[in-house]
Amino acid sequence: MAFLDQIYAVCKEHDAFLIVDDAHGIGVLGKTGRGIIEDYGLLDKVDMITGTFSKAFGCVGGYAIARKEIITLLRYYSRQNIFSAAATPQTAASAIKAIQLIDQEPQWRNTLAENIEYFKTGLETLGLDYGNTESAIFPVMVRNEHNVKEAARILFEQGIYVNPISYPAVPEKLSRLRFSLTAMHTKEELDKTFSILENIRKKYKLAQI
């Protein structure tokens, strides 16, 4: 049984409220881009879905999806909602357009899926540890606070921007280079990234699988 199916089974057994944060899955996974929950066929069984507009939607802000009475409860009792400003009109319009494009132009999702598989294969060929990611976000493990920043600097100087993620954003000794793929990345750009990683993996002790 898949992990998400196991979680659902436990929640159902204990009459628990099931919330899934699908920030990395929405717009990327699922037959129609509805995320990992669609992938597992649980869209009608999850009580609340949360996510961000800052990844697949290319925008800012976030969202919560649930029954009307739950959303009403959040509007009145969530501090984050009460003490935050409303989204700007251009932000709302950008998010709406992104949702429309996910439905209207599935070819971008297909291209992204190809890039994800290509990037996985390349990292595995180099023997680099990227965890068990299935999305377009790849955490290439470094596990050293100094080395992760230096590796990110070298990549940036050669035209590859990545986020160095270190403590306290992640536990100590779990620092990583966070690569974010898009459908617009070309195979040539990904190959360039592999070449740089190959050149720096020993010097900065990138974690091996």
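The values are calculated or read from the model by the stated rules, or taken from the named source; none is laboratory data. Keep in mind the model is a prediction, meaning the values are calculated, not measured. Neighbour counts run over all protein chains shown; Cβ positions are idealised from the backbone, glycine included. To get the accessible areas, we keep the full protein, side chains included, count just its heavy atoms, and leave off ligands, DNA and RNA. Shrake-Rupley method; radii C 1.70, N 1.55, O 1.52, S 1.80 Å.
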By the C-alpha gyration tensor axes a ≥ b ≥ c (rounded if a/c is under 1.5, else prolate when a/b exceeds b/c, else oblate), the shape of the range 94-209 is prolate
Highest mean packing first, using Cβ neighbours within 10 angstrom, the peptides 65-76, 20-31 sort as 20-31, 65-76
With all protein chains in place and a 1.4 Å probe, residue 174 shows an accessible area in Å² (nearest 10) of 60 Å²
Under 5 Å from the placed amide H of residue 128, counting only residues 5+ away or on other chains, we find 209
The correct ranking of 156, 17, 194, 138 by accessible area at 1.4 Å, largest first, is 156, 17, 194, 138
In the range 15-153 the accessible area split gives carbon plus sulfur, as whole percent at 1.4 Å, a share of 55 percent
For residue 13 the rounded accessible area (nearest 10 Å², probe 1.4 Å, non-protein molecules ignored) is 140 Å²
Placing one equal point scatterer on each C-alpha of the range 48-102 and summing with Debye, one gets log10 I(q)/I(0) at q = 0.23, 0.28, 0.29 Å⁻¹ equal to -1.00, -1.17, -1.18
Once the in-chain neighbours fewer than 8 apart are removed, the aspartates and glutamates whose Cα is under 17 Å from residue 97 read 105
Rounded to the nearest 10 Å², the accessible area of residue 201 using a 1.4 Å probe with every protein chain kept is 60 Å²
The extension gain from residue 203 to residue 125, computed as 0.36 nm times the residue separation minus the Cα-Cα distance, is 26.3 nm
Averaged per residue, the 1.4 Å probe accessible area of the range 54-176, protein heavy atoms only, in Å², is roughly 64 Å²
Summing -39500 (n - 2.57) over every DSSP H run of at least 4 in the chain, dividing by its residue total and rounding to the nearest 500, the 222 nm mean residue ellipticity is -13500 deg cm²/dmol
PRE zone check, label point 7 Å out along Cα-to-Cβ of residue 77, amide N under 20 Å, scope the range 16-50, hits 16-21, 46-50
Applied in sequence order to the range 190-198, the curve 6.51 cos²θ - 1.76 cosθ + 1.60 (Karplus, θ = phi - 60°) yields integer Hz couplings, x standing for Gly and Pro, of 5, 5, 4, 4, 4, 4, 5, 4, 5
Charge dipole of the range 54-209 built from unit charges on the beta carbon (Lys, Arg +1; Asp, Glu -1), centred at mean Cα; most positive-end Cα among 86, 161, 107 is 86
The FRET efficiency for residue 184 and residue 43, from their Cβ-Cβ distance with R0 = 25 Å and rounded to 0.05, is 0.30
Placing one equal point scatterer on each C-alpha of the range 1-139 and summing with Debye, one gets log10 I(q)/I(0) at q = 0.13, 0.19 Å⁻¹ equal to -0.70, -1.25
The helix 89-104 Cα axis meets the longest alpha-carbon principal axis of the chain at an angle in degrees, between 0 and 90 and rounded to 10, of 80 degrees
Once residue 60 and residue 134 are pulled to full extension, the length gained, defined as 0.36 nm per residue separation minus their Cα-Cα distance, is 24.4 nm
